[in-house]
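*Asks:* Sharing a structure below in structure tokens format, with a few things to ask.
The values are calculated or read from the model by the stated rules, or taken from the named source; none is laboratory data. None of these values were measured; they are calculated from a predicted model. Glycine also receives a Cβ, built like all others from the backbone with ideal geometry; neighbour counts cover every protein chain displayed.
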Amino acid sequence: MDELTLQKKMRNYQEEQTKENQKRSSENKALSIHLNENALADFILNFLGRKEKLIYNDKLYFLIRLNDFEQFYYLLNDKLSKEQNIFIDHFHVSITYNDKTKREISGIKGLNSFVETRDVIPKDVTLSWKIIVQYPNAKTLETQTVDLTFILNKEKSAEGEILLTINHTNQVWGIEVVNLIKDKIKLLTIFPSKKYKIAKIVNYFLDYKIISNLTSMLMAAVMLIIVNATSTYKNSPNYYNLFSSIGNFEVPSDQIQLAIQAAEKLDSKDLSKFISDEIVKDPRLNENLKSISETKKIFVLDMFWWIICSIFFIFIFLKFYSKKVMQYYKIDSYILINSKSENEYKNDIQSKSTGEFISITLVFISITCGIIANFIYQSIRSW
């Protein structure tokens, strides 16, 4: 076999093998893609790096100064320095003032050297980070953004508002940043005292319809006390004085016993009817019963109006006192970045008069104790 024939057979064999491979590939429907390293990195970045947004929003009391804003930058920068292929590309601060002006500060160096000399009060401050993630051999860059805003709106609420927005492609990373910033915010948070919280709850209930329900319940309790007082009025010294001379009357004992039972068990209205029906025949006993009827009527009216006025006074003064407690223990949110804002903070602290608050507290305690003592005395007297 010559060389030419051998080459021809080899070509025929290769063609047959190629056709066989194509046939098998078609049957298996297999797909093969050849990608270089750059294309593969871009493919992973675009397919897996889809942007998501994580938002944290809260209302609380905070006190924050200029160096605290710097600390937020250093905290995040320290975290990123421990990670690979990620860094802060740009950082800037935006400040809005009460005179409707706005100042933009670029970079941490600009923030470090910033001094506000104008006589203005900051209304909100926003810290913004643009963070770059660059994977090896990738032609494109991935961008993450973090925006942290502190807002004051004292016309509506003493509480400040905090808004944190993170645009990210890695959920774990986004959660870590949120927790890092929240931990720092906790250090700047001012928590109201328990006295302020209690006063706020009391003031809330005294401002709404629940006070009418509470008043109705107290009125029912008052009526029960009055019924008890009238039914047991026999213990009153006046009652015994009116019957002190019965022993001198020449009246049948059954008539005296009937008069005593009527005086003990009947209220003023029924006792008057009892007298008008002349069930007790002796005029001297009837005169005594009339005196008891009038005394009971006066006693019931006095006790009724005393309790109503006491309840009304307690509610009014409690409302007034709860507001004073809230004013004394209340706190505000502050952004202190210049002398004007610092002076506002000091003036708010100094404007709280301790002497006035102590005086009002002593008056409130004295009046409350007096009302309670009088109420206990009247209740004991009626039994």
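*Asks:* Just to check your reading of the model, which residue among Lys154, Lys200, Lys182 is part of a helix (DSSP H, G or I) and at pLDDT below 90?
*Replies:* When all the criteria are applied, what remains is Lys200.
*Asks:* Among residues belonging to the range 344-357 that are part of a loop (DSSP other than H, G, I, E, B) and surrounded by 11 or more Cβ atoms within 10 Å (Cβ to Cβ), point out the one that is nearest to the chain's Cα centre (by Cα).
*Replies:* Checked the range 344-357; the qualifying residue nearest to the chain's Cα centre (by Cα) is Lys352.
*Asks:* Do we have any residue at all in the range 50-63 that's surrounded by 13 or more Cβ atoms within 10 Å (Cβ to Cβ), in a helix (DSSP H, G or I) and in contact (Cβ under 8 Å) with a residue 24 or more places away in the chain?
*Replies:* Within the range 50-63 (the criterion being surrounded by 13 or more Cβ atoms within 10 Å (Cβ to Cβ), in a helix (DSSP H, G or I) and in contact (Cβ under 8 Å) with a residue 24 or more places away in the chain), the answer is no, since none of the residues qualifies.
*Asks:* Now for a different question. Looking at Ile360, is it assigned to a helix (DSSP H, G or I), among the aliphatic types (A, V, I, L, M), touching a helix residue (DSSP H, G or I) at 6+ places or on another chain (Cβ under 9 Å) and at pLDDT below 75?
*Replies:* Answer is no for this residue.
*Asks:* Does Lys319 satisfy the condition of being within 30 Å of Glu155 (Cβ to Cβ) and modelled with pLDDT of 80 or more?
*Replies:* For Lys319, the condition - within 30 Å of Glu155 (Cβ to Cβ) and modelled with pLDDT of 80 or more - is not met.
*Asks:* Would you check if Glu116 is at pLDDT below 90 and over 31 Å from the mean Cα position of the chain (by Cα)?
*Replies:* No: the conditions fail for Glu116.
*Asks:* Another one. Out of (1) under 17 Å from Asp147 (Cβ atoms); (2) surrounded by fewer than 18 Cβ atoms within 10 Å (Cβ to Cβ), what's the single condition that is false for Asn85?
*Replies:* The number of the failed condition is (1).
*Asks:* Could you list, in sequence order, the residues of the range 328-343 that are surrounded by 14 or more Cβ atoms within 10 Å (Cβ to Cβ) and not in a loop (DSSP other than H, G, I, E, B)?
*Replies:* Tyr328, Tyr329, Tyr334, Ile335, Leu336, Lys340, Ser341
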